[in-house]
1. For the stretch 1-15: of the residues being surrounded by 12 or more Cβ atoms within 10 Å (Cβ to Cβ) and within 15 Å of residue 33 (Cβ to Cβ), which is modelled with the highest pLDDT?
2. Would you mind telling me which numbered condition in (1) at pLDDT 90 or above; (2) loosely packed, with under 14 Cβ neighbours inside 10 Å; (3) hydrophobic (A, V, I, L, M, F, W, C) residue 100 fails?
3. What are the residue pairs meeting all of these: first residue in the stretch 9-26, first residue closer than 16 Å to residue 75 by Cα, second residue assigned to a loop (DSSP other than H, G, I, E, B) and modelled with pLDDT under 85, Cβ atoms under 9 Å, and 6 or more apart or on different chains?
4. When you scan the stretch 65-98, how many residues do you find that are closer than 22 Å to residue 53 by Cα and in a helix (DSSP H, G or I)?
5. Taking the stretch 82-102, which residues are farther than 14 Å from residue 26 by Cα and free of Cβ contacts under 8 Å to residues at least 24 places away in the same chain?
6. Which residue out of 36, 20 is charged (D, E, K, R) and modelled with pLDDT of 90 or more?
7. Looking only at the stretch 31-44, count how many residues are touching a helix residue (DSSP H, G or I) at 6+ places or on another chain (Cβ under 7 Å) and either over 21 Å from residue 95 (Cβ atoms) or among the hydrophobic types (A, V, I, L, M, F, W, C) (or both).
8. Quickly run through the stretch 9-47 and pick out the residues that are of a type outside the set (S, T, N, Q), closer than 21 Å to residue 86 by Cβ and assigned to a helix (DSSP H, G or I).
Amino acid sequence: MGRTTDVRGYYVNNFIGLQKEFPTDVYIFNSLNINKNELTIVGIISKKRLLQKAKFYKKGTLRHRSNGTSFRTKADLYEIENNQLSDIKDLNDLVNKLEILNSYLYG
């Protein structure tokens, strides 16, 4: 996600419905503060949990943002809140969580 502010706990991450067909098991959500040119790893989640926990909006749904603006979805859209993701503290933490997810998914 491209943003003009730092990550906030109440922000959501958008996931376009067409992406659910991609052959992946894990999603890593990031936020790019374009004013600071700073990338933050927001969190990680398995594809299965993402599809279970995310809110789904059909194409054409009017979505309202916390800042008072709104938009119509141009495709089916999933939204997941930051607090639904597993936090990432640093790159070592990311590697550890990927290993744990891999072990969980593939034994």
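1. Selected residue: 13.
2. (1)
3. 13/1; 14/1
4. 6
5. 89, 90, 91, 92, 93
6. Numbers: 20 fails: modelled with pLDDT of 90 or more.
Every option except 36 fails the conditions.
7. So the answer is 3.
8. 20, 47
The values are calculated or read from the model by the stated rules, or taken from the named source; none is laboratory data. Keep in mind the model is a prediction, meaning the values are calculated, not measured. Using ideal geometry, Cβ is built from the backbone for each residue, glycine included, and neighbour counts are taken over all protein chains shown.
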